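Chemist: I'd like to ask you about the structure that follows.
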Amino acid sequence: MADERHMEDWIKKLTDENQDKKFDRRSFLKGTGKIAGLSLGMVLAQSIGGFEVNAAPKFQSYPFTLGVASGDPLPDGVVLWTRLAPEPLNGGGMPGEAVPVKWEIARDERFRHIVQHGTELARPDLAHSVHVEVSGLKPNQVYYYRFKSGYEFSPIGRTKTLPAAGSAVKELKFAFASCQQYEHGFYTAYKHMAEEDLDLVFHLGDYIYEYGPNEYVSATGNVRTHSSAEIMSLDDYRNRHAQYRSDANLKAAHAAFPWVVTWDDHEVENNYADKIPEKGQSVEAFIIRRAAAYQAYYEHMPLRKTSLPNGPDMRLYRNFTYGNLASFNVLDTRQYRSDQANGDGNKPQSPESLDPRRTLMGQEQESWLFNNLSTSKAHWNVLAQQIFFAQWNFGTSSAPVYSMDSWDGYPAQRQRVMDFVKGKNMNNLIVLTGDVHASWASNLHTDFNNPKSPIFGAEFVGTSITSGGNGADKRKDTDHILEQNPHIKFFNDYRGYVRCKVTPVQWQADYRVVPFVTEPGAAVSTRASYVYQKDQMGLQRVSASAVPQGLKISEQVEEDRFTAHTHAHNKQMGQIKEKVKQ
Ligand SMILES: [Fe+2]
């Protein structure tokens with residue numbers, strides 16, 4: 001590997017070049033301000049911030065193919081998102097000029113009471129995406145929004161601001177989701193989510209998968225196909241996001257609620273760590289790939305300009321405080337982490353994995369988190385993040401095995417969080433997790449090896465939207481894992497999402513699941529509901545019901561997810577070898 005200083009210089013150069021050419025925030029803001037004064041139809045073309053502006057665009061076909069979204073809400077504002085893409089799978093199909101997009105936000109669905117409107121530039125260097133940061137809205141209010149470009153109107157979206165900071169909030173209803181491998185199934189879960197009554201949605205990563213067609217195959221077979229080989233370039237990542245976002249159910253869920261998103265690994269590449277790729281690339285080549293992946297992610301998500309990437313860096317960790325009820329710390333455990341120990345995979349601990357210098361969050365994010373936890377006055381402190389937090393031995397007590405990619409692979413980092421929480425005597429930490437394609441619920445003990453030690457919170461792990469295929473009620477190794485890990489109280493292997501109902505005294509998680517994803521049309525039901533209160537009793541199951549039509553038990557085991565990724569990896573390596581031969 002190249003030496004550290006050379007690498008830092010190289011990254012700085014890449015960042016500076018990007019700053020000059022693409023991400024000049026000043027001209028970005030100036031350009032956006034200037035266009036507001038343009039009158040549509042009067043000025044046909046004007047040059048702004050290095051781009052020709054076509055103020056009267058005519059589209060060959062409908063440009064709002066990717067729908068609309070809103071996100072990163074505050075008590076007085078929210079981000080409104082869309083992207084002009086008449087040809088979504090083929091680079092977007094827009095000319096290399098900037099196009100003004102009008103937006104309006106109203107109190108009612110029929111837009112009779114418009115509270116604000118404006119014009120934003122859809123720029124070619126950001127794939128003609130639009131991120132409007134509306135401010136001056138009322139707290140805890142539902143709003144409706146839409147866009148117009150040329151003669152075309154976008155679909156209508158619905159959004160909601162956060163309650164006023166510190167205000168007394170009686171209830172919050174939200175859902176969280178993760179892992180939506182497009183080929184593994186239909187997004188039926190999102191159709192049902194869109195019909196829920198929610199204030200907010202969190203996405204905890206694996207929004208896209210980077211694989212070529214049928215490289216990553218689910219146990220129940222792939223039912224849709226990625227439109228290109230493994231994604232590497234900015235165009236590849238844009239087309240992949242566009243393919244996922246073309247799904248009607250996903251669009252419906254985005255249009256229904258504001259979303260707060262964070263990524264996991266597959267938004268770039270399986271199990272990457274900071275600047276270290278999983279396979280087959282130099283660090284230099286991977287940094288360019290990461291910059292492309294991060295940029296495409298920004299372009300397709302309702303994020304604020306504070307998340308605009310700087311070359312291969314992007315600030316995604318951030319806090320959302322929901323009145324006095326909950327402080328959500330949205331983490332990024334990929335961009336700053338130490339490389340996986342012990343060659344990655346599922347392994348016993350070793351001096352390498354136990355090294356206290358290892359980090360998942362990086363120093364800055366860790367300090368930021370501890371500062372938020374120290375100053376929080378909320379009833380609940382939440383980590384909305386990617387990977388399994390609780391200890392999770394899927395070997396035996398005499399020969400334990402842990403996932404080197406999750407918090408178990410970074411035990412010193414987890415201990416620092418737990419020591420901090422213990423030091424503050426907290427009993428209100430809720431961890432929300434994705435990544436592992438199954439539902440889990442765990443009590444968080446100050447000592448995972450002692451089930452009698454105090455409980456400082458609970459972890460709710462959400463299943464995937466599609467990744468892994470249909471699944472089953474339980475797997476072959478479920479009973480064994482629950483036996484080995486008495487703090488883990490619940491497992492289920494159907495697809496779906498988690499709906500949470502939060503009040504000052506209790507946190508309820510409803511595991512909403514569908515029995516199959518290989519065909520559309522599955523019904524949704526609540527497999528189980530768990531409640532956590534701050535009373536040292538830990539998780540309580542309040543209801544459970546069988547899921548009609550679902551497979552009761554499968555031959556799958558936890559290791560199979562790892563094996564499926566290894567197969568995908570081997571197929572990719574085969575493809576690379578083929579290319580070299582040709
Ligand atoms: Fe995943």
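Chemist: Checking the condition within 16 Å of the ligand (Cβ to nearest atom) and in contact (Cβ under 8 Å) with a residue 24 or more places away in the chain, which residue from Ala390, Ala438 passes? Explain how you work it out, then say what you get.
Modeler: Working: Ala390 fails: within 16 Å of the ligand (Cβ to nearest atom).
Matching residue, one of Ala390, Ala438: Ala438.
Chemist: Would you point out the residue of the range 149-178, among those that are open to solvent by less than 20 Å² (accessible area, probe 1.4 Å) and polar (S, T, N, Q), that is nearest to the ligand (Cβ to nearest atom)?
Modeler: In this case the residue turns out to be Ser178.
Chemist: Moving to a separate point now. Among the candidates Asp473, Asp477, Asp493, which residue alone is at pLDDT 95 or above, under 29 Å from Trp380 (Cα atoms) and of a type in the set (Asp, Glu)?
Modeler: On the way: Asp473 fails: under 29 Å from Trp380 (Cα atoms); Asp477 fails: under 29 Å from Trp380 (Cα atoms).
Exactly one of Asp473, Asp477, Asp493 is at pLDDT 95 or above, under 29 Å from Trp380 (Cα atoms) and of a type in the set (Asp, Glu), namely Asp493.
Chemist: Sticking with this one: Going residue by residue through the range 111-122, is there one that turns out to be buried (at least 18 other Cβ atoms within 10 Å of the Cβ) and out of contact with any helix residue (DSSP H, G or I) (no Cβ under 8 Å at 6 or more places or on another chain)? Before you say what the answer is, go through the steps one by one.
Modeler: Of the range 111-122, the ones buried (at least 18 other Cβ atoms within 10 Å of the Cβ) are 119-122.
Filter again for out of contact with any helix residue (DSSP H, G or I) (no Cβ under 8 Å at 6 or more places or on another chain), leaving 122.
Yes; the residues of the range 111-122 include at least one that is buried (at least 18 other Cβ atoms within 10 Å of the Cβ) and out of contact with any helix residue (DSSP H, G or I) (no Cβ under 8 Å at 6 or more places or on another chain).
Chemist: In addition: Among the residues of the range 307-341 satisfying the criterion of being among the β-branched types (Val, Ile, Thr) and under 17 Å from the mean Cα position of the chain (by Cα), which is surrounded by the fewest Cβ atoms within 10 Å (Cβ to Cβ)?
Modeler: Of the range 307-341, the ones among the β-branched types (Val, Ile, Thr) are 321, 330, 333.
Next cut, under 17 Å from the mean Cα position of the chain (by Cα) only: 330, 333.
Working: Val330: 20, Thr333: 29.
Looking at the filtered set, the residue picked out is Val330.
Chemist: What number of residues in the range 283-336 are over 17 Å from Met361 (Cα atoms) and part of a strand (DSSP E or B)?
Modeler: Qualifying residue count, the range 283-336: 6.
Chemist: Are there any pairs with C-beta distances below 6 angstrom linking a residue in the range 132-152 that is among the hydroxyl-bearing types (Ser, Thr, Tyr) to a residue that is surrounded by fewer than 19 Cβ atoms within 10 Å (Cβ to Cβ), with the two at least 6 apart or on different chains, and if so which?
Modeler: Ser135/Asp76; Tyr144/Ala106; Tyr144/Glu109; Tyr144/Ile156; Tyr144/Arg158
Chemist: Let me ask another. Take Tyr410 and tell me if it is open to solvent by 10 Å² or more (accessible area, probe 1.4 Å), under 23 Å from Asp206 (Cα atoms), away from the ligand (no atom under 16 Å from the Cβ) and modelled with pLDDT of 95 or more. Full working, then the answer.
Modeler: Working: open to solvent by 10 Å² or more (accessible area, probe 1.4 Å): no; under 23 Å from Asp206 (Cα atoms): yes; away from the ligand (no atom under 16 Å from the Cβ): yes; modelled with pLDDT of 95 or more: yes.
No: the conditions fail for Tyr410.
Chemist: How about the range 51-84: which of its residues are modelled with pLDDT under 95 and basic (Lys, Arg)?
Modeler: Lys58
Chemist: Tell me which residues, restricted to the range 524-547, are surrounded by 14 or more Cβ atoms within 10 Å (Cβ to Cβ) and of a type in the set (Ser, Thr, Tyr). Quick ask: steps written out before the conclusion?
Modeler: Filtering the range 524-547 for residues surrounded by 14 or more Cβ atoms within 10 Å (Cβ to Cβ) gives 524-534, 538-540, 547.
Passing the criteria: Ser525, Thr526, Ser529, Tyr530, Tyr532.
Chemist: Please go through the range 256-276 and give me each residue that is more than 12 Å from the ligand (Cβ to nearest atom), open to solvent by less than 20 Å² (accessible area, probe 1.4 Å) and farther than 16 Å from Leu316 by Cβ, ordered by number.
Modeler: If we filter the range 256-276 for residues that are more than 12 Å from the ligand (Cβ to nearest atom), which is where we start, we get 256-262, 268-269, 272-276.
From what is left, the residues that are open to solvent by less than 20 Å² (accessible area, probe 1.4 Å) are 256-262, 268-269, 272-273.
If the condition is that a residue be more than 12 Å from the ligand (Cβ to nearest atom), open to solvent by less than 20 Å² (accessible area, probe 1.4 Å) and farther than 16 Å from Leu316 by Cβ, then Ala256, Phe257, Pro258, Glu269 are the ones that fit.
Chemist: Tell me yes or no: at least one residue of the range 122-144 is within 16 Å of the ligand (Cβ to nearest atom) and within 23 Å of the chain's Cα centre (by Cα). Write out each step before concluding.
Modeler: Here is the first cut: in the range 122-144, the residues within 16 Å of the ligand (Cβ to nearest atom) are none.
No, the conditions are met nowhere in the range 122-144.
Chemist: Restricting to the range 179-214, and then to whatever is open to solvent by 10 Å² or more (accessible area, probe 1.4 Å) and either touching a Cys at 6+ places or on another chain (Cβ under 6 Å) or under 25 Å from Met573 (Cβ atoms) (or both), can you tell me which residue is nearest to the ligand (Cβ to nearest atom)?
Modeler: Start the filter on the range 179-214 by keeping residues that are open to solvent by 10 Å² or more (accessible area, probe 1.4 Å), which leaves 182, 186, 191-192, 194-197, 199, 213-214.
Applying the additional criterion that residues be either touching a Cys at 6+ places or on another chain (Cβ under 6 Å) or under 25 Å from Met573 (Cβ atoms) (or both) yields 182, 213-214.
Details: Tyr182: 12, Pro213: 18, Asn214: 17 Å.
So the residue we want is Tyr182.
Chemist: Of all residues in the range 445-459, which are touching a helix residue (DSSP H, G or I) at 6+ places or on another chain (Cβ under 9 Å) and either touching a residue at least 60 places away in the same chain (Cβ under 8 Å) or among the hydroxyl-bearing types (Ser, Thr, Tyr) (or both)?
Modeler: Within the range 445-459, Thr446, Pro454, Gly457 meet the criteria.
Chemist: When the residues of the range 441-455 are filtered to those that are open to solvent by 10 Å² or more (accessible area, probe 1.4 Å) and hydrophobic (A, V, I, L, M, F, W, C), which remaining residue is farthest from the ligand (Cβ to nearest atom)?
Modeler: Here the answer is Ile455.
Chemist: Name the strands (runs of 3 or more DSSP E) wholly inside the range 125-206 in which the number of residues that are among the polar types (S, T, N, Q) is 2 or more. Spell out how you get there, then give the answer.
Modeler: Details: elements: 129-134, 142-149, 157-160, 172-177, 200-203.
So the answer is none; nothing clears 2.
The values are calculated or read from the model by the stated rules, or taken from the named source; none is laboratory data. Worth saying up front: this structure is predicted, and the values here are computed from it rather than measured. We place every Cβ from the backbone using ideal geometry, glycine too, and count neighbours over all the protein chains shown. Areas reflect the complete protein model, heavy atoms only, side chains present, ligands, DNA and RNA absent. Shrake-Rupley method; radii C 1.70, N 1.55, O 1.52, S 1.80 Å.
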